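Read the structure below first, then the notes.
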Amino acid sequence: MALLETQKLSINFGGLWAVKDVDFAIHSGQVVGLIGPNGSGKTTFLNIISGIYQATKGKAYVKGEDITGLKPFQIYQKGISRTYQSSRLCWDLSVADNLVIGLYTSQKSSLFDVLFRPRHCNEEIYAGVQEAMDLLCYFNPDLVDKRYVLTKNIPHIDRRRIEISRALVGSPSILLLDEPTAGLNEEETMTMMKDIQKIKEKIADICIIIIEHDMQVMKEVPERIVVFNAGEKIAEGTYHDVVNDLCVINAYLGGAER
Ligand SMILES: Nc1ncnc2c1ncn2[C@@H]1O[C@H](COP(=O)(O)OP(=O)(O)OP(=O)(O)O)[C@@H](O)[C@H]1O
């Protein structure tokens, strides 16, 4: 059974089908890439899966359980976690503070706990930060000494790592990465590719769905690529399959070197 599956997943914004009839499946341990022109519906697809947008029609399932229409925090509880295309970090806060504020979705303490069992809440927060810090150091051990440095003063790639580490707290089974290499230079992009490899090594069964425009990343990282155009899935297969697909060449790759 697929870990995550969508059937005819669609959303309409005022007459525009931003995502239309998308059938998609990913199994345990797989990494799948999403590519397509700007505005083709990739981020919107992840936004529906993660509960930010409600599907107009179609269904999404996690391990066969219908998750269509659930709220983002409920979908997080089903094991889907994500990062965003634009940074969600507070640059004027330290690395450690950004880890703390990013953990609110994974905390189980209730308002009752906050009011009457503050020690229990503090322990839970501490454990979450420790888990995120361990993940962060797994990517870059130097960051342990930089935990009180303001986020604006650390390299771009380390900021991305903070967001990925926060998303990995609580061991999600599905990680959605929206353009993790956007804004990174060539060397940092290579490092990010290795980081994604490291996630796979550390969490063997994790599924990763990654939106990316950099075709070198798409060549190296996912085992399968799904191609979007105008909200629809127009192709699916290995890197070799999709870069040689005429529909994909016409819609997206054009004369780009392959
Ligand atoms: N909340 C919204 N309201 C109206 N239209 C929207 C909304 N969100 C997305 N869209 C539209 O849906 C379409 C798909 O956008 P989306 O951001 O998913 O594309 P994308 O493939 O991720 O593009 P990019 O590669 O530039 O990030 C676009 O036409 C966009 O303007």
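The values are calculated or read from the model by the stated rules, or taken from the named source; none is laboratory data. What you are looking at is a predicted structure, and each value in this text was computed from that prediction instead of being measured. Quick reminder, even Gly has a Cβ in these numbers, built from the backbone with ideal geometry, and neighbours come from all protein chains shown.
Enumerate the pairs (first residue in the range 29-40 and over 12 Å from Val242 (Cβ atoms); second residue anywhere and within 8 Å of the ligand (Cβ to nearest atom)) with beta-carbon separation below 7 Å, excluding pairs fewer than 6 apart on the same chain, so at least 6 apart or on different chains. From the range 29-40, the pairs are Ser40/Phe228; Ser40/Gly231. A residue that is surrounded by 14 or more Cβ atoms within 10 Å (Cβ to Cβ), more than 20 Å from Val248 (Cβ to Cβ) and under 19 Å from the mean Cα position of the chain (by Cα) cannot be found anywhere in the range 34-45.
Please determine whether any residue of the range 187-204 is more than 20 Å from the chain's Cα centre (by Cα) and not assigned by TED's automatic domain parsing to the domain that holds Tyr138. Checked against the condition, which is being more than 20 Å from the chain's Cα centre (by Cα) and not assigned by TED's automatic domain parsing to the domain that holds Tyr138, the range 187-204 yields at least one hit. So Gly79 passes all but one of these: (1) within 16 Å of the chain's Cα centre (by Cα); (2) at pLDDT 95 or above; (3) more than 14 Å from the ligand (Cβ to nearest atom). Which condition number does it fail? With respect to (1) within 16 Å of the chain's Cα centre (by Cα); (2) at pLDDT 95 or above; (3) more than 14 Å from the ligand (Cβ to nearest atom), Gly79 is out only on (2).
Residues that are near the ligand (Cβ under 9 Å from one of its atoms) and aromatic (Phe, Trp, Tyr) within the range 18-56 comprise Phe45, Tyr53, listed in sequence order.
Scanning the range 99-136 for residues that are touching a helix residue (DSSP H, G or I) at 6+ places or on another chain (Cβ under 9 Å), more than 24 Å from Arg82 (Cβ to Cβ) and among the hydrophobic types (A, V, I, L, M, F, W, C) gives Val114, Cys121.
Elements of the type helices (runs of 4 or more DSSP H) sitting completely within the range 37-121 and holding at least 1 residues that are farther than 16 Å from Val22 by Cβ and of a type in the set (Gly, Ala, Ser): these cover 95-101.
Being over 17 Å from Ile157 (Cα atoms), surrounded by 15 or more Cβ atoms within 10 Å (Cβ to Cβ) and out of contact with any helix residue (DSSP H, G or I) (no Cβ under 6 Å at 6 or more places or on another chain) is a property that Tyr84 lacks.
Select from the range 215-258 the residues that are surrounded by fewer than 18 Cβ atoms within 10 Å (Cβ to Cβ) and in contact (Cβ under 8 Å) with a residue 40 or more places away in the chain and write down the one among them that is nearest to the ligand (Cβ to nearest atom). Taking the candidates together, the pick is Ala230. Set side by side, the residues Pro172, Pro222 differ, and just one is closer than 22 Å to Gly51 by Cα and part of a loop (DSSP other than H, G, I, E, B), which is Pro172. Leu135 meets all of the listed conditions (1) crowded, with 19+ Cβ neighbours inside 10 Å; (2) assigned by TED's automatic domain parsing to the domain that holds Leu46 but one, namely (2). Out of Asp158, Asp178, Asp195, one residue alone is within 16 Å of the ligand (Cβ to nearest atom), of a type in the set (Asp, Glu) and in contact with a helix residue (DSSP H, G or I) (Cβ under 8 Å, 6 or more places away or on another chain). It is Asp178.
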